[in-house]
Each structure stands twice: as structure tokens, then as C-alpha cells.
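Asker: One structure coming up, written as C-alpha cells, with questions to follow.
The values are calculated or read from the model by the stated rules, or taken from the named source; none is laboratory data. Bear in mind the structure is a predicted one, so any value in this text is a computation, not a measurement. No Cβ is skipped: glycine too gets one built from the backbone with ideal geometry, and neighbour counts run over all protein chains shown.
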Amino acid sequence: MVSTRYRGIAGARVCGKGSLKSSRIAISPVWALSTPKTNLAVMSNERSKTPLFQLSVAERVLIHLSRIRFDRGSDTVPRGVCQEGISEAVGILRSHVPRAVKDLISDGFLEEGKRHVKDGGKRMKVYLITPRGSERARQIERGMLSLVIPAKIQGTVVQGMTVEQLENAFHRRIDVLHLTGEEEYIDLDLVATTGITDFSDSPKAVSFLDREEALEKMKRFLKSRSIVLAVYGAKGIGTSCLVKHFIEMLDEWNVLWISLAKHRTRASIEERVAAFAKLLHTKPETILESSAGVNTLIVADGYFDVDENVTEFFSDLTGRVAGAKLIVTCRDSTPSYSRFYRKEHLDSGAAQEMTLKGLPDDAARVLLGNAEIPDEAFRRIHVMSRGSPMILTMLRERDEDGLRKNTTFTNEEIRFLLVEAATKNEN
């Protein structure tokens, strides 16, 4: 099952007993949610009327819309993007939705249009999130990770832990849209348990934009009978970021992340798998070779120029008929003789491939961060960078040293790109 896990208030931190300070977002009153509070077993705060946090209605709308996955080119869209679906998800009157989305549209976070809605009749008004809106929603969600909220589990109230620490320690998923900010604590015994994860090897979260088609392919892979998915891309194109974003959306899956830059030998990889199996109270062979591993996913990140024994290890996993699924991120320059699967694996469906390309124009503009850049200057940057998130980020941050170390650009090309990235329209 694939579902989303989103969290957050951008830039928020909790001080003392629940008072909130934020230097990045405006805090406004929260409308009553249509979802009953008892779903999260939240206990009202009788001792203090100071909310632990508050999300504005607009922020809740943005988070809600960022969770909905569909083909944007289709004329039929999910019910959640129409006024009725938004009102039910966020807990406001349908007549209040236009007011809630007005600023989001003017700020470029949403686009308004008319589409057919699933199980509906005539075309109706819908609201589609833009790449800029998706990035803003993720900023809000990531801020929740550092928010401190008391929690109760097995009769004991736990104090001083952040949302991220609570989720990791107790394998629970805390959904910010079901919180009002007035809770004294959350009863974790009544919150859905999530799968056991080990992301200690994974890269830090970075900006993630416009990869809906790739996410859909990965979702289909999990539902398929295939054992292995190889994700190819050039250095800095965002394969690791894509997979990290995808697995953070999974619910009820056990996920292990293995960095092949850190674990370069077969023995080291097997030790990592064995340690994860111990967390699951089972044996590695049970995860890898039997139906007991059906809800387990192993990510091997950075398959490039690896030891022959490592290639053999992944080749053995590809030949299985049961067990954990495997996603491997690979450099697109990996020679064919170093690949761990063969054509017959692709033909039989045991293995799948996908190649990640650069960001399209609109997402690349957002990541570059210069809203006033002339079209011609942006076109030159987009062509030379091939839409690479790594290069666009370095240009935005004016990281000249990083461009020298991580790209094949000459010094003259780097200086040219930095000048172009800072150019603004004269009018």
C-alpha cells in the first residue's frame, strides 16, 4: 500500500510549555476540523490555552493538495482537488474555499481550472498545486519534524521529544492535518503503527520538484511482481532524492537504506541487512528469500564502479522469486558489464529500469530561485545544466567551488553560468 506521510510547520520551534515562535510563517486561527479528534486520541489542554502550534487554513489546503497524486494532463481529476473535497479534508465550509485559496493562487502556489471530477458529472472548478506550491508545502511539512509535542504510550507521558523522534522511536505516523495545536498530548497507542525503517545511511532532505511521473512508476513497481527496480541518472540529477522522497511516502513498509559509498564490500552490505533483520526479529534469509519479506524494501544507493562481489550479491537478489523488493540507484554511465542483471531479467519482468531526466522549465526556474531572470538567460542555463537539480542549486547558492568539484564545466563556463543565474530583467 502506498500512502503519503507529510509533516510540518516551516521554521517553527516550541518554547517552554507549548508557546510557539516562528520567524518564517504567519500564524492564524485554525478552523475546526471535520475529522473527529478521537481518531488521534488527542487530549484537550485544560491547563493551558496556549496552542502548541497553529496552521493557517491556507497552509492546510496547501499540504492537502500536495498529497494528491494524479496525471495532470488528464481531464478527469480526483475529488480532493475540487471545492467540496478541499472543504472536507481541511474542515471548512465549501463556500470558504475560494477565500482560502485566493492568496495561494496569487502567490503562484496553486492554479485554478475546470476539469471533470471522478464519479462526478459536469466540469467544475478545481485547484492544482504548482511546483512552487509543492516546494512550499514541503517546507511546512519539514518544519514539523522539529516540533516538540508530548505523547502518551502504554500509560506513560513522554516529554521533550520532537515529532521526528516520536515517529522513529515508536514507529507511528503523526499527521499534522489531524492536530489542532491545542493538544495536551497525543495517545500513540491509538495511532496507526508504521513499518520499521532504517534511514541512517540516507542523504539529507533537499528540494524535491516535479517528479510525479517517476513517482507513479515506482508505485507501479511496488504493486508488480518484479523484484528489482534500477533507477538511472547522471550525477546530481536527483535519483537519491527521488527514492528518498518516495519511501517517505510509504506506509506499513519496512525499509532499509544502504549507501554503497559507505558499504563498499559484500560483507559490509550483508552486515547491514543482518542488523536490520534483527530489528524485525527475524533472519536475513527470511527477509530476502521468503514471502515473509513481502512488505520489506531495500534501497541500495549509488551503484557505480562497485566491487565484483557486490555485483554478485545484487545479481543473486535479482534471481529470487520471493522476498524483499530492491530499488538500486545507478549512475547512467555504469557500463553494461558492471550491471547486476541481464536482459532475460528484464524480459521476464524480474527487473525493471527507469531513467531520471533533468527538471522541466517551470520546476528548474523555482529551484534556481531568480524570479526576475530573463528568458534567454534562463534558457542558456537550462540547456547547459540539463535541468540538473545539483547544478541549479549550486548556481542559486553561488557555490563556485562545488561547481568545480562536481561538474565538468570549465572555469570560464562556471563564471558565465554564475553571471547568468544572477541576471535580472532591466524593466
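Asker: What residue, of V231, V255, V273, is aliphatic (A, V, I, L, M), in contact with a Pro (Cβ under 9 Å, 6 or more places away or on another chain), touching a residue at least 24 places away in the same chain (Cβ under 8 Å) and surrounded by 17 or more Cβ atoms within 10 Å (Cβ to Cβ)?
Answerer: Details: V231 fails: in contact with a Pro (Cβ under 9 Å, 6 or more places away or on another chain); V255 fails: in contact with a Pro (Cβ under 9 Å, 6 or more places away or on another chain).
From the options V231, V255, V273, the qualifying one is V273.
Asker: State whether one or more residues within region 325-334 are polar (S, T, N, Q), touching a strand residue (DSSP E or B) at 6+ places or on another chain (Cβ under 8 Å), closer than 13 Å to V255 by Cα and surrounded by fewer than 22 Cβ atoms within 10 Å (Cβ to Cβ).
Answerer: Step one: filter region 325-334 for residues polar (S, T, N, Q), giving 329, 333-334.
Cutting the leftovers down to touching a strand residue (DSSP E or B) at 6+ places or on another chain (Cβ under 8 Å) gives us 329, 334.
Filter again for closer than 13 Å to V255 by Cα, leaving none.
Checked against the condition, which is being polar (S, T, N, Q), touching a strand residue (DSSP E or B) at 6+ places or on another chain (Cβ under 8 Å), closer than 13 Å to V255 by Cα and surrounded by fewer than 22 Cβ atoms within 10 Å (Cβ to Cβ), region 325-334 yields no hits at all.
Asker: Residue pairs, Cβ under 8 Å, 6 or more apart or interchain, first in region 160-184 and free of Cβ contacts under 8 Å to residues at least 40 places away in the same chain, second in a helix (DSSP H, G or I) and buried (at least 19 other Cβ atoms within 10 Å of the Cβ). List them.
Answerer: L166/L188; F170/L188; R172/L166; R172/L188
Asker: Hey, does region 361-368 have a residue that's under 20 Å from R398 (Cα atoms), touching a residue at least 40 places away in the same chain (Cβ under 8 Å) and surrounded by fewer than 20 Cβ atoms within 10 Å (Cβ to Cβ)?
Answerer: no
Asker: Would you be able to say whether some residue in region 297-311 is within 26 Å of the chain's Cα centre (by Cα) and small (G, A, S)?
Answerer: First, pick out the residues of region 297-311 that are within 26 Å of the chain's Cα centre (by Cα): 297-304.
In the following step, the residues that additionally are small (G, A, S) were identified as 300, 302.
Yes: one or more hits.
Asker: Could you list, in sequence order, the residues of region 351-370 that are out of contact with any Phe, Trp or Tyr (no Cβ under 6 Å at 6 or more places or on another chain) and β-branched (V, I, T)?
Answerer: The answer is V366, and nothing else.
Asker: Restricting attention to region 340-357, does a residue exist that is closer than 24 Å to A234 by Cα, touching a residue at least 60 places away in the same chain (Cβ under 8 Å) and in contact with a His (Cβ under 7 Å, 6 or more places away or on another chain)?
Answerer: Yes, some residue in region 340-357 is closer than 24 Å to A234 by Cα, touching a residue at least 60 places away in the same chain (Cβ under 8 Å) and in contact with a His (Cβ under 7 Å, 6 or more places away or on another chain).
Asker: Another one. Only one residue in R72, R94, R67, R123 is modelled with pLDDT of 90 or more and either over 23 Å from E183 (Cα atoms) or among the small types (G, A, S) (or both). Which one?
Answerer: Details: R72 fails: modelled with pLDDT of 90 or more; R67 fails: modelled with pLDDT of 90 or more; R123 fails: modelled with pLDDT of 90 or more.
Matching residue, one of R72, R94, R67, R123: R94.
Asker: E212 passes all but one of (1) surrounded by fewer than 16 Cβ atoms within 10 Å (Cβ to Cβ); (2) in contact with a Lys or Arg (Cβ under 7 Å, 6 or more places away or on another chain); (3) under 24 Å from S338 (Cα atoms); which number fails?
Answerer: (3)
Asker: May I pose another question? Considering S200, S207, which residue is at pLDDT 80 or above and surrounded by fewer than 21 Cβ atoms within 10 Å (Cβ to Cβ)? Give the steps one after another, and end with the answer.
Answerer: Numbers: S207 fails: at pLDDT 80 or above.
Of the residues listed, the single one that is at pLDDT 80 or above and surrounded by fewer than 21 Cβ atoms within 10 Å (Cβ to Cβ) is S200.
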